[in-house]
Amino acid sequence: MNPTATHPAAQFDIQRVRADFPILNELVHGKPLIYLDNAATSQKPNPVIKALDEYYRRYNSNIHRGVHALAERATEAYESSRRKIARYLNAPNQHEIIFTRGTTESINLVASSYATSVLKPGDEVLITWLEHHSNIVPWQIACEKTGAVLKVVPINERGEVEPDQFEAMLSERTKIVAFAHISNALGTINPVREFTEMAHRAGAVVIIDGAQAAPHMRVDVQAIGCDFYALSGHKMFGPTGIGVLWGRTSLLDKMPPYQGGGDMIQSVTFEKTVYNDLPYKFEAGTPHIAGGIGLGAAVDYLDALDAEGIMAHEHDLTRYATEQLSQIEGLRLIGTAANKVSVLSFTLEGIHPYDMAPVLDHEGVAVRTGHHCAQPVMDRYQIPATVRASIAFYNTRQDIDALVAALAKVQRMFSGL
Ligand code: PMP
């Protein structure tokens, strides 16, 4: 039997995929770019760049209102992206796909529209210690406005939310539960289906922050069973400034608009405004048309890739990177969950992460340094910051070797050798 026919990682043609991402040929400080900052934003393949270029070159026009050819073409391209995304997420209805600026806006939409209209004093909103600031602060604001109380499920030393602890914090007071599918700071994958079932048993509505999941795995909102799912286009190889909120029709229908303006209305008089149907009720003003079209191109691109092959390749790289980094003296990996994706956060003894960053950059290695918009996670480990290397499917073992070599240089510089 040909092993390449059975091993998914072997089927995944990394060189062909890398050729789709022109930026990977760039030199940085005269050295080949080693892009390991994918959790911050991922790079864009040619079809996405082409879709943006083509829209602006050939049919730039406002959508939904115009009756001329360009407007019709732009409207059709934008709405066809919505259909693609609905299919990609296995959403039951395409009108449940609300275009937003990204995960941050998607969560704010739910916190502002849904949460503030249902929460009463003494109700509880449950989040976890893993959350990005964008899945903390909107809930703090909603709680402040309504008198509800924010509760936080702790994490263990490996950076996991333990299901028992999660369940123990649910009660009939819990009205909303919000958690990340995957942690951006640690890479931990939460058992989203199990958590959703627990939250539903307690009678709560569930919103999942999927910013870090969509680039690494196929997301099926019906299989997860959640009520809302938020994601960002730019993390899943699409443009910046565009994202999605998926929500159940039964909830979205009852929610008040998030913003008022053009496109979200059916009729306006000074006495009374009638709101538009879904999804437009939540899409006031001219949207990021090129972004929506570009995100559709990203979804097409991802759809055509071998999803299993990608997962196997990323899994292999994560294991390799973990092994290689663990051999560096004084390196402490932060986030060692049993179930995690390709995010490697670490500190080096005696060297502040901010001092490492310029040396790594000089070697052409792009990583993230800081608290990763997850200060409570840093507090949990009593550290100010980490260096975070985050892998995408176009990364290679050579990229990891380059990171390890650059870290050796950092250590040599700071030990005065
Ligand atoms: N949640 C998580 C887990 C993230 O990683 C990020 C981006 N770092 C966000 C939310 C916010 O996404 P955006 O800035 O695209 O709105």
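The values are calculated or read from the model by the stated rules, or taken from the named source; none is laboratory data. This is a predicted model, so every value here is computed, not measured. Glycine gets a Cβ as well: all are built from the backbone with ideal geometry, and neighbour counts include every protein chain shown. For accessibility, only protein heavy atoms count, side chains too; no ligands or nucleic acids. Shrake-Rupley method; radii C 1.70, N 1.55, O 1.52, S 1.80 Å.
Checking the condition farther than 30 Å from SER113 by Cα and open to solvent by less than 20 Å² (accessible area, probe 1.4 Å), which residue from ALA312, ALA321, ALA290 passes?
ALA321
Of the conditions (1) surrounded by fewer than 16 Cβ atoms within 10 Å (Cβ to Cβ); (2) of a type outside the set (Val, Ile, Thr); (3) not assigned by TED's automatic domain parsing to the domain that holds ILE208, ASN62 fails just one. Which one is it?
Result: ASN62 passes all but (3).
Restricting to the range 340-386, name every residue that is within 16 Å of the ligand (Cβ to nearest atom) and assigned to a strand (DSSP E or B).
LYS340, VAL343, LEU344, SER345, ALA366, ARG368, THR369, GLY370, THR386
What's the total number of residues in the range 156-172 that are open to solvent by less than 30 Å² (accessible area, probe 1.4 Å) and more than 16 Å from the ligand (Cβ to nearest atom)?
Total meeting the criteria: 4.
Hey, could you check the range 121-135 for residues that are away from the ligand (no atom under 11 Å from the Cβ) and either among the small types (Gly, Ala, Ser) or in a loop (DSSP other than H, G, I, E, B) (or both) and say which is nearest to GLY102 (Cα to Cα)?
So the residue we want is TRP129.
Among the candidates LYS84, LYS175, single out the residue that is away from the ligand (no atom under 16 Å from the Cβ), open to solvent by 30 Å² or more (accessible area, probe 1.4 Å) and under 21 Å from PRO215 (Cβ atoms).
Being away from the ligand (no atom under 16 Å from the Cβ), open to solvent by 30 Å² or more (accessible area, probe 1.4 Å) and under 21 Å from PRO215 (Cβ atoms) holds for just one of LYS84, LYS175, which is LYS84.
From the list ALA185, ALA214, ALA230, which residue is within 13 Å of the ligand (Cβ to nearest atom), free of Cβ contacts under 8 Å to residues at least 24 places away in the same chain and either within 15 Å of the chain's Cα centre (by Cα) or not in a loop (DSSP other than H, G, I, E, B) (or both)?
Among ALA185, ALA214, ALA230, only ALA214 is within 13 Å of the ligand (Cβ to nearest atom), free of Cβ contacts under 8 Å to residues at least 24 places away in the same chain and either within 15 Å of the chain's Cα centre (by Cα) or not in a loop (DSSP other than H, G, I, E, B) (or both).
If you go through the range 247-267, how many residues are outside any loop (DSSP other than H, G, I, E, B) and either open to solvent by 10 Å² or more (accessible area, probe 1.4 Å) or within 15 Å of the ligand (Cβ to nearest atom) (or both)?
Final tally of qualifying residues: 8.
Pick out the one residue from ILE383, ILE351, ILE400 that is touching a helix residue (DSSP H, G or I) at 6+ places or on another chain (Cβ under 8 Å), of a type in the set (A, V, I, L, M, F, W, C) and either open to solvent by less than 10 Å² (accessible area, probe 1.4 Å) or closer than 30 Å to PRO138 by Cα (or both).
Exactly one of ILE383, ILE351, ILE400 is touching a helix residue (DSSP H, G or I) at 6+ places or on another chain (Cβ under 8 Å), of a type in the set (A, V, I, L, M, F, W, C) and either open to solvent by less than 10 Å² (accessible area, probe 1.4 Å) or closer than 30 Å to PRO138 by Cα (or both), namely ILE400.
When GLY243 is evaluated against the numbered criteria (1) open to solvent by less than 30 Å² (accessible area, probe 1.4 Å); (2) at pLDDT below 95; (3) among the small types (Gly, Ala, Ser), which criterion, by number, is the only one it fails?
(2)
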